[in-house]
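Each remark here refers to the structure printed beneath this line.
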Amino acid sequence: MCGRNSLFIDQADLEARFEAEVVADGGYTPRYNIAPGDDLHIITNEASDEIDAYHWGLIPFWADEPEEGIINARSETADEKRVFERAWESRPCLVPSSGFYEWKSPNGGSKQPYRIHREDDPAFAMAGLWDVWEGDDQTISCVTILTTEPNDLMNSIHDRMPVVLPKDAESDWLAADPDTRKELCQPYPKDDLDAYEISTRVNNPGNDDPQVIEPLDHEQSGLGEFSS
């Protein structure tokens, strides 16, 4: 799955990397600990030259009231689910990331967080689906991140991973038909992803600063992990 994200590349570099301009209300602020329910900066197929901010959690179109929504969708079955029907058919998006987080529970013990990132690319793209929930007096643009089977790196950490797109597949993801996009929903095929242990500061979404991504100091681990 993908339950926490980050995006802290400089705005100018972000815009250059994706050849798109930030248009989000409120602009762009680097984030080290983006949690479900927060806004994710995304690039949709309808505006591939714009970076906008959408609610992380796809709200079912039949919901009477806004809710947190569905943060992940299994790419293998998204096209079969009524809640994703129109999004899968015609609303793909890119979800830029400086790295996502996953938790491993070794031997049933306490969960250890990891940061997964690309050393050679300050931002990469995960595959997502977007939609617009419409209520009586408001509309909410929302997004979910697609997941797939783990690659070799992720297999030792978790049994799912986000669909991380190779750079040369990003434009295809936005422009392709649904069948072609489904073929792109594969475990990340390259070996340039890296993972390392970080402290449990990431467990608290209120911790949103560069300290979150620091490698775990094992000599200090376990001391006040949930105190901050």
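The values are calculated or read from the model by the stated rules, or taken from the named source; none is laboratory data. Everything quoted here is computed from the prediction, not taken from an experiment. Counting neighbours? That spans all protein chains shown, and the Cβs are built from the backbone with ideal geometry, glycine included. Please note that ligands, DNA and RNA were not included when accessible areas were found on the heavy atoms of the full protein model with its side chains. Shrake-Rupley method; radii C 1.70, N 1.55, O 1.52, S 1.80 Å.
Summary table below
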| quantity | calculated |
| --- | --- |
| Cut-off under 5 Å, modelled amide H: who pairs with Val22 long-range | Ile51 |
| Ser199 long-range amide H proximity, modeled H, under 5 Å | Leu216 |
| Candidates per GluC sites (Glu not before Pro) in segment 48-135, loop by DSSP, up to 16 other Cβ within 10 Å | Glu67, Glu68, Glu76, Glu119 |
| Of the trypsin sites (Lys or Arg not before Pro) in segment 60-155, those whose Cβ has at most 16 other Cβ within 10 Å and which sit in DSSP loop | Lys81, Lys111 |
| Accessible carbon and sulfur surface of the chain relative to its total accessible area, %, 1.4 Å | 42 |
| For the chain, accessible area per residue (1.4 Å probe, heavy atoms of protein chains only), Å² | 48 |
| In segment 34-111, the chymotrypsin sites (Phe, Trp or Tyr not before Pro) that fall in loop regions by DSSP, at most 11 other Cβ within 10 Å | Trp62 |
| More than 24 Å apart - percent of Cα-Cα pairs taken over the chain | 42 |
| Cβ-defined net charge surrounding Glu80, 13 Å radius [Lys, Arg +1; Asp, Glu -1] | 0 |
